[in-house]
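Student: Here it is, the structure in full.
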Amino acid sequence: MQLLKRYGVFVYTGKKLADIDLLEDELRDLYKSGLISPEEFSAALLILRSERNRM
């Protein structure tokens, strides 16, 4: 979430799983746009997937 906040992306639906899905979509868009490095993308994606698995 902190990475996305740097780019003005704030996600809160009130449902954690929906938030994770939206964050992943936004993360992919930032990566495709070239705004974040492959390393940042991979690290953030791992964190999101880890959060999803903890649910």
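The values are calculated or read from the model by the stated rules, or taken from the named source; none is laboratory data. Computed from a predicted structure; not experimentally measured. We place every Cβ from the backbone using ideal geometry, glycine too, and count neighbours over all the protein chains shown. Just the protein is used for accessible areas: all its heavy atoms, side chains included, with ligands, DNA and RNA removed. Shrake-Rupley method; radii C 1.70, N 1.55, O 1.52, S 1.80 Å.
Student: Name the pairs: first residue in the range 4-28 and more than 14 Å from Ser50 (Cβ to Cβ) and polar (S, T, N, Q), second residue at pLDDT 90 or above and open to solvent by 70 Å² or more (accessible area, probe 1.4 Å), Cβ to Cβ under 8 Å, at least 6 apart or on different chains?
Tutor: Once the first residue is more than 14 Å from Ser50 (Cβ to Cβ) and polar (S, T, N, Q) and sits in the range 4-28, its partners that are at pLDDT 90 or above and open to solvent by 70 Å² or more (accessible area, probe 1.4 Å) give Thr13/Leu22.
Student: What are the residues in the range 41-55 that are in contact (Cβ under 8 Å) with a residue 24 or more places away in the chain and either open to solvent by 60 Å² or more (accessible area, probe 1.4 Å) or among the hydrophobic types (A, V, I, L, M, F, W, C) (or both), if any?
Tutor: Of the range 41-55, the ones in contact (Cβ under 8 Å) with a residue 24 or more places away in the chain are 44, 48, 51-52, 55.
Residues satisfying the conditions are Ala44, Leu48, Arg52, Met55.
Student: I've got another one for you. Scan the range 27-37 residue by residue and report those that are open to solvent by 70 Å² or more (accessible area, probe 1.4 Å) and in a helix (DSSP H, G or I).
Tutor: Our first condition is that a residue be open to solvent by 70 Å² or more (accessible area, probe 1.4 Å); within the range 27-37, this holds for 28-29, 31-33, 35.
Scanning the range 27-37 gives Arg28, Asp29, Tyr31, Lys32.
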